[in-house]
Amino acid sequence: MWKQHYKKILASITICIIFTSATYNINAEETKNVKLTGDSNNKWAIIIEAPGWAFFSLDAIYMYKTLKSKGWGENHIKLLIGENTSKENILEALNWMKINEEENDTIFFYYAGYGGFIEDKNPLDENDGYDEFIRTSKNNEITDDELNEIFNDFNSTKILAIFNSCYSGGMIDGESDLNKQNRVILTACKSTEEFYRFQKGKSTFGLLLAYGFKRRADKNKNGVVSAEESFYFSSPRMVILNLMLQHPKIYDGYAGELEITTV
């Protein structure tokens, strides 16, 4: 019996790897810093799934497909998976976004992978003495302070950033962190919590958020799903599914509801 179960697990992992590689090729040649012209689409997304994460989860692919199904243009989405998630590639993708985005455009940044913390560096802004970071390939990090500086240079007043990683709540607890005006920041857990739970081949947080963006989170039935609606749809369900071990966090610096998808 255990052998059959083991074979099923191996088969699932193999399919995941093949599908992930094939899907990544959609955007593999689109990471150059090029400004798009003659395009009226005003939504831009970067979706990242760090090395090792894809062995357990199809988060990035599922979120990518969700946005595409809701009218986000394929050439407006950067999909970075596995070894392609180097710090250089992520920063290059963010620069591509900065070149193209404008004040009234919607920005969507999604990271699924490993998170951690290091001793607080200048500017010294953390009450607990630690900067949080997201792990890139080649074991490099991008800290919350670095990401904040990058987003500070954006023109957009509609920024959603989602961190599906351990200790991600720490991304919004310092003066130089991401908790700023015109942004909604969603994290999978508190700054003191690890994150590991998976459902249906995807992380619980990513799966629930994507379900929400598809249609289920449209609480007021106005045909639009906002970042806030998807979070409040996902958060209590995730707490239950994860046996009270993770508690998602939200920072909402956006006036009103930050609209992400239409039903």
Inset, instruction - In nm, give the distance between the simple-model label positions of Lys65 and Val239, each being 7 Å from the Cα along the Cα-to-Cβ direction. - result: 3.0
Legend entry - For Ile107, Ile250, order by how many other beta-carbon atoms lie within 10 Å, fewest first: Ile250, Ile107
Inset, instruction - Could you run the Karplus curve 6.51 cos²θ - 1.76 cosθ + 1.60 with θ = phi - 60° over the range 184-189 and give me ³J(HN,Hα) per residue in whole Hz, x for Gly and Pro? - result: 10, 10, 10, 10, 6, 7
Legend entry - Rounded to whole Hz, the Karplus (6.51, -1.76, 1.60) HN-Hα couplings of the range 190-195, x for glycine and proline: 6, 5, 9, 10, 8, 9
Legend entry - Cut-off under 5 Å, modelled amide H: who pairs with Ile46 long-range: Lys78, Phe108, Phe109, Tyr110
Inset, instruction - Among the listed pairs Lys121/Lys158; Lys180/Lys219; Lys121/Lys219, give every one whose C-alpha distance is greater than 30 Å. - result: Lys121/Lys219
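In nm, what is the difference between 0.36 nm times the number of residues separating Glu103 and Arg216 and their Cα-Cα distance?
Between Glu103 and Arg216, full extension yields 37.8 nm more.
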Inset, instruction - Arrange Phe205, Phe154 by Cβ neighbour counts within 10 Å, fewest through most, would you? - result: Phe154, Phe205
Inset, instruction - Could you work out the Rg to Rh ratio of the range 42-262, with Rh taken as the Kirkwood radius (inverse of the mean 1/r over all Cα pairs)? - result: 0.93
Legend entry - Residues with amide H under 5 Å from that of Ser191, placed H, sequence gap 5 or more: Gly169, Gly170
Legend entry - DSSP-defined beta bridges in the range 134-263 - what % are antiparallel, rounded to 5: 70
Legend entry - Other-chain or far-sequence residues with amide H under 5 Å of Thr261's (modelled H): Val225
Legend entry - the range 161-254 - Rg and Dmax from Cα coordinates, angstrom: 12.9, 37
Inset, instruction - Would you mind ranking Ile260, Ile61, Ile118 by Cβ crowding within 10 Å, fewest neighbours first? - result: Ile118, Ile61, Ile260
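Every number in this text was worked out from the coordinates using simple rules, so none of it is lab data. Only a predicted model underlies this, so the values are computations on that prediction, with no experimental measurement involved. Cβ: placed from backbone, ideal geometry, glycine included. Neighbour counts: every protein chain shown.
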